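Just below is one structure, and these are the notes that go with it.
The values are calculated or read from the model by the stated rules, or taken from the named source; none is laboratory data. The structure presented is a predicted model; accordingly, all values stated were derived computationally and were not measured. Cβ placement follows ideal geometry from the backbone for every residue including glycine, while neighbour counts extend to all protein chains displayed.
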Amino acid sequence: MPFVRFDSKRRKAVLAALALSVGLLGSGAAFAQKPPIKIGLLAPVTGPLASPGAEMVNGFRLFWEQNNMTAGGRKVEIVTGDTACNPDQAMNQARRLVLQEKVDFLVGPLCGHEGPAVAQVSRETGIPVIMDPAGADNVTKWERTPTVVRTAVSSSQIGHPFGEYLYKELGLRNVTFIAQDYTFGQEVALGAIKTFTALGGKVAKLIWNPIGTKDYGTTVNSIPADSDGVVAMVVGADRLRLFEDWFNFGMDKKHKIYGQYWLQEDMLPQIDDRAVGLISNSLHYVAGIDTPENKAFTDAYATKYKRMPSWFAESAYTAGLWVKTAVDKIQGNVEDREAFLKAVRAVELKAPRGPLKLDAYDNPIQNVYVAKVEKVKHPILGEILLNKPIKTYTEVSQFWTTKPEEFLAGGPYKR
């Protein structure tokens, strides 16, 4: 090869181009060497809410598997902590994930009364928390933490529309409420009672049951005879026990029951056609929502897990979508916690459950659906029971129709 002589000007240009290419290769190598983003997922994989916990884990993993376990150009690792639906265990697991596993942020927990415990860990350590699906009202109302953003729902947010529905749509005037006696159950039930009684409705009786109640016979047999409706707000395995005892004690021949929070998708395979036609839930997600986004999600979930997703699965799936959208925006730089949280707060989505955006208090404004159980022929699963919306309340705020400052002045719902 003949020797080529470059003049001084050309030599400088070649050297500059070479330096630039080396710099680009160097920056690419540095980018490739960034460690995976570690997400701490807090879910009750054991205990009374293990079934919803499994749904939560399944929904979250499905999203990330669909997206090649990457966000912002970096690999994603999920480290799970079992909370058992216990605030003390939730706090301990959150601390373990932050201090020992060195996660970049937390997602979870599930149970309402676990939420404030995990928020406490965020205050102690500065770790960002994407609170989903725990609904404790305090977290985005009276005891807000700057490093905590909720992407699911505030408990009473799904209660308020149902109180109005009972009065205006069902024409009920004297209702007995059966409710679970813990943070989430209290706030959901009392939120409905607030809007129901504000319209002129009366509470015939309010019956509280702890999580894990084995026998609902005493409960259903104490319903006042003059009740023109019974509302069920029950969680976990209690949902199935109430369903069986309702029919075993012949209550279906004495009263009409309406699920405020009762027959979710994770329990529908465990019950029979007696559920068909029952109002099942007032929720921000049910599997029968008829949109392209939800069809894509439910088909993927049904294909992988051979069942329909509950709101726990959708909520976790959407939390993944929310997180990835934010991480992509900041090009994977989750180490900058302030930038990450700012990006999270700016996200607006069209999720399986509908359009989503945060209010000024870090809680989503979203649809709430009153649903009824129907028997349908599903293209993947065959004949199944499915929750389908019969009434949609759009753009529901956690403050319902009240100005935030007025709502906050009234204080939390307490039993």
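Of note:
- Phe184 passes every criterion in (1) of a type outside the set (A, V, I, L, M); (2) in contact with a Cys (Cβ under 8 Å, 6 or more places away or on another chain); (3) surrounded by fewer than 23 Cβ atoms within 10 Å (Cβ to Cβ) apart from (3).
- Among the candidates Thr318, Thr325, Thr298, residue that is out of contact with any strand residue (DSSP E or B) (no Cβ under 8 Å at 6 or more places or on another chain) and β-branched (Val, Ile, Thr): Thr298
- Number of residues in segment 377-387 that are surrounded by 14 or more Cβ atoms within 10 Å (Cβ to Cβ) and part of a strand (DSSP E or B): the value is 5.
- Spans of strands (runs of 3 or more DSSP E) in segment 112-221 with at least 1 residues in the same structural domain as Phe340 (by TED's automatic domain parsing): 129-131, 148-150
- Listed by position, the strands (runs of 3 or more DSSP E) contained in segment 273-365 that have at least 1 residues being more than 25 Å from Asn138 (Cβ to Cβ), without any contact (Cβ under 8 Å) to a residue 60 or more places away in the chain and under 18 Å from the mean Cα position of the chain (by Cα) are 348-351, 354-358.
- Residue within segment 83-94 that is charged (D, E, K, R), at pLDDT 95 or above, farther than 28 Å from Leu268 by Cβ and part of a helix (DSSP H, G or I) present: yes
- Pairing each residue of segment 181-201 that is closer than 15 Å to Trp400 by Cβ and of a type in the set (S, T, N, Q) with any residue that is buried (at least 24 other Cβ atoms within 10 Å of the Cβ) and at pLDDT 95 or above, provided the two are 6+ apart or on different chains, yields C-beta distances under 6 Å for Thr195/His160; Thr195/Gly163.
- Any chance Val76 is among the hydrophobic types (A, V, I, L, M, F, W, C), part of a helix (DSSP H, G or I) and over 21 Å from Tyr413 (Cα atoms): no
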